[in-house]
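> Once you've had a glance at the structure underneath, I'll fire off some questions.
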Amino acid sequence: MAVAVVVSACATPGFERATGLPKFKPLSYKAPVQVVDSIEVLEQPALVLGTLNATTTKDVRADVAADFKVQARKYGCDAVVGVVAEREEKKAIRTIEVLGDGGKRVKQQQEFTTVSYQWQGQCVRTAAMGDTVLPMAKGSGEPSVAGAAVAKPSVQPVAKVETGDSKTAKKIAGLLLARPSFVRSWRAKLETPAVEPIDVLDALAELMVLATGPTGLWRKTMPQEWFGCRKAPDSAPCKRLTEMETDFRKADSLHDEVTRVGRAQADGWLRRNDDRVINYLEAYVPTEPSLSGIQATPLYINRLKEVVR
């Protein structure tokens with residue numbers, strides 16, 4: 001009797017939500033998500049919003065962790081904790097046809113083993129998001145954390161969220177509105193007299209994807225549509241754009257930082273980092289997403305103009 005082992009790598013993701021917790025808005029698809037082995041290393045308090053699970057037929061932890069990160073964003077989690085699997089084997093018999101003596105087809109029973117891996121990981125929202133301290137439960141002096149794991153026993157009160165009076169938020173909102181094509185969906189909120197700092201950051205994050213993200217103006221539209229870098233990758237402008245990836249990765253790092261700021265920290269973060277944001281907007285982002293607009297940016301003038309004929 002022949003023996004075979006059947007394996008493949010397809011995953012079936014799922015999510016079991018913890019009870020007694022509020023639902024949180026999904027994170028941006030570019031928001032960073034940590035994958036760690038222990039909840040203790042995360043910024044506290046940290047809430048376990050549920051359990052991510054998947055089934056694969058190969059031991060592909062890195063692939064599962066990547067899938068879990070995508071799923072975690074959908075449920076408002078900025079961390080995945082403890083990605084582990086249990087290996088399961090099942091044996092069965094099947095009938096196959098093989099060539100026997102004289103070239104005749106004969107039936108033969110084959111025993112085979114299917115291998116599967118049952119993966120789990122905790123979907124966790126950390127204190128970095130600014131809203132993981134829950135209201136007090138009735139009749140107790142402790143915050144309610146029903147259905148959640150909180151790594152620290154002592155929980156501090158929720159920080160006061162500053163809104164509506166931030167001069168820095170208003171200043172950055174004005175700079176964003178000066179680039180209307182990048183922030184169309186945010187215009188109403190940015191034009192509000194008492195603009196929310198978190199809305200400014202969310203609008204900024206979206207603008208950064210459109211301007212300097214991997215599929216944005218500088219890294220896709222310019223090389224592919226304006227400079228023809230697919231057909232002429234060795235041209236001087238295309239080579240220079242490749243060299244400028246260092247600049248764009250710095251912008252990516254700033255974007256990742258922006259997406260990690262929670263509502264409670266938004267105003268303070270803007271006040272501490274207004275120079276970085278302003279420098280980014282003025283150097284990288286034209287007032288309109290056009291070739292003439294981008295040619296007026298300091299980044300183009302200082303890095304590209306000399307090699308474009």
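The values are calculated or read from the model by the stated rules, or taken from the named source; none is laboratory data. The shown structure was predicted, so the numbers you read here are calculated from the model rather than taken from an experiment. No Cβ is skipped: glycine too gets one built from the backbone with ideal geometry, and neighbour counts run over all protein chains shown.
> Which of the numbered conditions does residue 299 fail, given that it passes all the others? Conditions: (1) surrounded by fewer than 17 Cβ atoms within 10 Å (Cβ to Cβ); (2) in contact (Cβ under 8 Å) with a residue 40 or more places away in the chain.
Just one mismatch for residue 299, condition (1).
> Within region 89-143, track down each residue that is buried (at least 16 other Cβ atoms within 10 Å of the Cβ), part of a strand (DSSP E or B) and at pLDDT 75 or above.
Answer for region 89-143, where residues must be buried (at least 16 other Cβ atoms within 10 Å of the Cβ), part of a strand (DSSP E or B) and at pLDDT 75 or above: 115, 116, 117, 119, 120, 121, 122, 123, 124, 125.
> From the set of residues in region 1-20 that are at pLDDT 80 or above and touching a strand residue (DSSP E or B) at 6+ places or on another chain (Cβ under 9 Å), which is surrounded by the fewest Cβ atoms within 10 Å (Cβ to Cβ)?
So the residue we want is 16.
> I'd like to check something: does region 53-66 contain any residue that is at pLDDT below 90 and under 18 Å from residue 259 (Cα atoms)?
no
> Just to be sure I understand the filter: pairs with C-beta atoms under 6 Å, separated by 6 or more residues or on different chains, first member in region 189-212 and over 19 Å from residue 27 (Cα atoms) and touching a residue at least 40 places away in the same chain (Cβ under 8 Å), second member of a type outside the set (D, E, K, R) and not in a loop (DSSP other than H, G, I, E, B). Which pairs pass?
What qualifies is 211/217; 211/284; 212/218; 212/248; 212/251; 212/284.
> Does at least one position in region 201-219 carry a residue that is surrounded by fewer than 19 Cβ atoms within 10 Å (Cβ to Cβ) and assigned to a loop (DSSP other than H, G, I, E, B)?
yes
> Can you name the residue in region 162-197 that is crowded, with 17+ Cβ neighbours inside 10 Å and not in a helix (DSSP H, G or I) and, of all such residues, is modelled with the lowest pLDDT?
Restricting to residues being crowded, with 17+ Cβ neighbours inside 10 Å and not in a helix (DSSP H, G or I), the top hit is 162.
> Regarding region 70-81, can at least one residue be identified that is among the hydrophobic types (A, V, I, L, M, F, W, C), in contact (Cβ under 8 Å) with a residue 40 or more places away in the chain, in contact with a helix residue (DSSP H, G or I) (Cβ under 7 Å, 6 or more places away or on another chain) and not in a helix (DSSP H, G or I)?
Checking region 70-81: at least one residue is among the hydrophobic types (A, V, I, L, M, F, W, C), in contact (Cβ under 8 Å) with a residue 40 or more places away in the chain, in contact with a helix residue (DSSP H, G or I) (Cβ under 7 Å, 6 or more places away or on another chain) and not in a helix (DSSP H, G or I).
> Just the residues that are among the small types (Gly, Ala, Ser) and under 30 Å from residue 85 (Cα atoms), please, taken from region 97-124. Can you show your working first?
Initial filter on region 97-124 (among the small types (Gly, Ala, Ser)): 100, 102-103, 116, 121.
Once the filter is applied, which keeps residues that are among the small types (Gly, Ala, Ser) and under 30 Å from residue 85 (Cα atoms), region 97-124 yields 116, 121.
> Which members of region 36-69 meet the condition of being touching a residue at least 60 places away in the same chain (Cβ under 8 Å), of a type outside the set (Val, Ile, Thr) and outside any helix (DSSP H, G or I)? Working first, answer last.
As a first pass, look at region 36-69 and keep what is touching a residue at least 60 places away in the same chain (Cβ under 8 Å): 39-40, 42-57.
Pick out the ones that are also of a type outside the set (Val, Ile, Thr) and you get 40, 42-47, 49-50, 52-54.
Residues satisfying the conditions are 42, 43, 44, 45, 46, 47, 49, 50, 52, 53, 54.
> Return yes when residue 63 is in contact with a strand residue (DSSP E or B) (Cβ under 7 Å, 6 or more places away or on another chain), surrounded by fewer than 16 Cβ atoms within 10 Å (Cβ to Cβ) and either under 16 Å from residue 128 (Cβ atoms) or of a type in the set (Asp, Glu) (or both) and no when it is not.
On the way: in contact with a strand residue (DSSP E or B) (Cβ under 7 Å, 6 or more places away or on another chain): no; surrounded by fewer than 16 Cβ atoms within 10 Å (Cβ to Cβ): yes; either under 16 Å from residue 128 (Cβ atoms) or of a type in the set (Asp, Glu) (or both): yes.
Judged against the criteria, residue 63 is not a match.
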